Structures are given as C-alpha cells and as structure tokens.
Amino acid sequence: TIDDLERQFQQIVEADQRIEPRDWMPDGYRKTLIRQIAQHAHSEIIGMQPEGNWLTRAPSLRRKAILMAKVQDEAGHGLYLYSATETLGVDRAELTENLIEGRQKYSSIFNYPTLSFADVGVIGWLVDGAAICNQVPLCRSSYGPYGRAMIRVCKEESFHQRQGFELLMTMMSGTQAQREMVQESVNRWWWPSLMMFGPPDDRSPNSAQSMAWRIKRHTNDELRQRFVDMSVPQAEILGVTFPDPDLRWNAERGSYDFGEPDWDEFMQVVKGNGATSVERLKNRRSAHENGAWVRAAATAFAARAATAFAA
Ligand code: FAQ
C-alpha cells in the first residue's frame, strides 16, 4: 500500500541512504526536487551573464583565460543540473521554456548589474563563496543524482572562489583607485550575497519539509550565519569592510551578529523587479531563439542516422 511505500521511503531517507530515480517517492518530494534543482540549473545558466559582461574587457590575457574558464564551468553546472532534473521525469526543453516564460525562478543574485572589473573578483569571492556554503551540504542531499552532481560542482566553485579572492588581493595591493573600486564593489554585493540563502527561517515555507526529506540539510539562517562567520576574517585579510554597522563578534554565541537584509528588496527582486531582471531573461530568450537551427539540425541528423542504422 501507499502507506508502506511512504514508510519505506522515510526509512531510507532517515538512514541517510539515497533515493534513486527508479525508487518510489512521494509526489511532493518529486515536485520539490524538480523546483529546487531546476531553479538551481537556471541560476547557473543565467549566472553566466553578469561576469560574461566583462569577458571582452578583461585587463590581461591571463584574467581573460581565467574568466572564460569560470563562465564555461557555470554552463557545465547548468547542464549537469538539467540532467539531474530530467531523471525526475521532466524534459529539459520544457524547463528552458519555464525559465524564459518566467514561470520558474532563478537566484535573486543575478539580477544585479556588474559595474566594474572588481565585480568579477567580488562575485568569485562572495557569490561563489555563498554558493559553496549552501552547496557543500547538498552533496549529502537524499536524492542521488542531485548529491552526486553537487560534488563536482563544489570542486569547481572552490576554484572560482579562489580566483576571485586572488584577483581582489592583486587589486588591493595596487593603487588607491583600485582599492576604492574593490570596496565600492563589496558595498554593492554584500547584502545581495546574504539574500542568496533565501528568506529567514520563519518565512521559509519549504524548509521544514525539505529538511525532513533531507533534501536540505541546514536551514537558510544557519547557512547565512556560517557564511558571515567565514567571510569576516577573509575581509580582514583583504583589507575591506562590509557595509553593516551591526556586524560584530558575539563571544557568547561564538559567531558574528549582523544586521537584517532588506527583505522587501529581496521580494521585489524575486518577483522579477531587479535592476537587470528584464535584460537577463531577454538575453536568455534570444540565445535560445538563435540556437533553434542547432537543435533542428541535431534532430534531423539523429533521425537520419536512425534510418541509416535500421537499413
Ligand atoms: N533567489 O521556502 P524557501 C550559483 C524562493 S548559486 C530567488 O526558503 P527553499 C553559482 C524559493 O525558491 C545560486 N528565489 O525555499 C554561481 C521559494 O519560491 P518557490 C543557485 C529564492 O527552496 C555563482 C521561496 O523563495 N543556488 O548559481 C531565493 O527551501 C556565480 C521561499 O523560499 C541554488 O539554487 C533566492 N535567493 O530554499 C553561478 C542552491 N531564495 O520556489 C554563476 C539550491 C528563496 O516556492 C556565478 N537551492 N527563493 O516559488 C537551495 O538551496 C534552496 O532552493 C534555497 C531556497 C536555499 C535557495
């Protein structure tokens, strides 16, 4: 019966074993995974744009080669994640439609503009840093294909974070104007990076169920705190400050206290009213349309190859 299946499913999850594509799973579990993994995949693909904006203006061949490799990695992450979503019975073409029609979300962070080359460093340091904080626990997610995809993604994100930090270290040992450029960029990206972890726990409708299913391993606020604690000493090494007057060490908790992100701004961005929301989707839509001939040619070739093989 369904009750037996549910019980078995929950036992597998609670024993920290993996659910695989052909195993029985509750509808809600499947839906939640499709939602989260598809949003994650869309984020990786849309996330190529902010940094891609600087590819043609990288200040040296070395910086350009690093940036190109990083942006290509994000494309790869999107593809692994679309494949993981397909194991749940949805089609990648349908997911792409959902993204470009605005029916599925992608991370709020990619709706902010990249105004200077320091943003490339700060995105690597803070945005990839936040992504790692959120994604390392997802390597132990209960759904096999998602957890396994995360292992490789996290290794690549670690390289991304290091390249960002190294870029910023270089700029911070440069001219006064370069140091100011880094600080200005940190000021713009700090709060949006904290918002990447999602709404506060008491306003996070999906957390409790996702934790019970061991899709998520920690709450949004737990991971946000971990990110703040990790970032403050790194900022000190760099010689930059975060734009938060309430940020201070709390010896009792053994953690940093910090201010409240602007959750109204977050809600607006998630609703599609971010500074670059329209542009991001417009670019994604036109890339999809411009790629139509490739899909048509690949489909025609596959059909012909199948006939040739049958003959
Ligand atoms: N932006 O109930 P919760 C990257 C939505 S890293 C937009 O707490 P949940 C790497 C949420 O979907 C970025 N929407 O939801 C990179 C839900 O709406 P729904 C991608 C957000 O799922 C770096 C509603 O709010 N990483 O791409 C956001 O339990 C550099 C209520 O929220 C991932 O996706 C947000 N920030 O927890 C690439 C990680 N936060 O769907 C290029 C995997 C929440 O009910 C360059 N995902 N919402 O309509 C997760 O860990 C989770 O989905 C959370 C949200 C933690 C993001």
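The values are calculated or read from the model by the stated rules, or taken from the named source; none is laboratory data. Nothing here was measured: the structure is a model prediction, and the numbers come from that model. Cβ placement follows ideal geometry from the backbone for every residue including glycine, while neighbour counts extend to all protein chains displayed. We work out accessible area using only protein heavy atoms, side chains counted, and drop any ligands, DNA or RNA first. Shrake-Rupley method; radii C 1.70, N 1.55, O 1.52, S 1.80 Å.
Things worth noting here:
- For the chain, the relative contact order works out to 19 percent when only alpha carbon pairs closer than 8 Å and six or more residues apart are counted.
- Whole-Hz couplings from phi, Karplus 6.51/-1.76/1.60, listed for the range 175-180; x for Gly and Pro: 8, 4, 4, 5, 4, 5
- Summing Cβ point charges (Lys, Arg +1; Asp, Glu -1) relative to the Cα centre of the range 243-311 gives a dipole of roughly 900 debye.
- When the chain is reduced to its Cα atoms, the Kirkwood hydrodynamic radius in Å: 21.0 Å
- P(r) weight above 11 Å for the range 239-287, C-alpha pairs, percent: 76 percent
- Mean accessible surface per residue for the range 89-228, computed with a 1.4 Å probe while every protein chain stays in place, in Å²: 40 Å²
- Rg/Rh ratio calculated on Cα atoms of the range 97-178 (Kirkwood radius): 1.09
- Helix-only arithmetic for the chain: the sum of -39500 (n - 2.57) across DSSP H runs with n ≥ 4, divided by the residue total, places the mean residue ellipticity at 222 nm at -20500 deg cm²/dmol.
- Listed pairs Lys70/Lys282; Lys216/Lys271; Lys64/Lys271 exceeding 30 Å between Cα atoms: Lys64/Lys271
- With one equal scatterer per alpha carbon and no solvent term, the Debye-computed log10 I(q)/I(0) for the range 120-240 at 0.12, 0.13, 0.17, 0.22 1/Å reads -0.48, -0.56, -0.86, -1.21.
- Under 5 Å from the amide H of Ser255 lie the amide H atoms of Asn250, each residue being 5 or more positions distant or on a separate chain, with H modelled from the backbone and absent for Pro and chain starts.
- When restricted to Cα atoms, the range 1-50 yields an Rg and a Dmax of 14.8, 50 Å, respectively.
- GluC sites (Glu not before Pro) within the range 214-257, DSSP loop, no more than 11 other Cβ atoms inside 10 Å: Glu252
- The chain - percent of accessible surface contributed by carbon and sulfur, probe 1.4 Å: 56 percent
- For the chain, excluding the exposed loop sites themselves (trypsin sites (Lys or Arg not before Pro), DSSP loop, at most 14 other Cβ atoms within 10 Å), the longest remaining stretch covers 104-252.
- Residues Leu5 and Ser255, FRET efficiency given R0 of 35 Å [Cβ-Cβ distance, rounded to 0.05]: 0.25
- Charge dipole of the chain about the Cα centre (unit charges at C-beta), most positive-ward option of Thr32, Ala287, Trp249: Ala287
- Each Lys and Arg adds +1 at its Cβ and each Asp and Glu adds -1 at its Cβ; summed about the Cα centre, the range 180-295 shows a dipole of about 920 debye.
- Over the C-alpha atoms of the range 15-89, the Rg to Rh ratio, Rh being the Kirkwood estimate, stands at 1.18.
- Under the convention that each Lys and Arg Cβ holds +1 and each Asp and Glu Cβ holds -1, the size of the dipole of the chain around its Cα centre is about 1120 debye.
- Note on Asp23 and Glu94: the model spin-label points, each 7 Å out from Cα along the C-beta direction, lie 2.3 nm apart.
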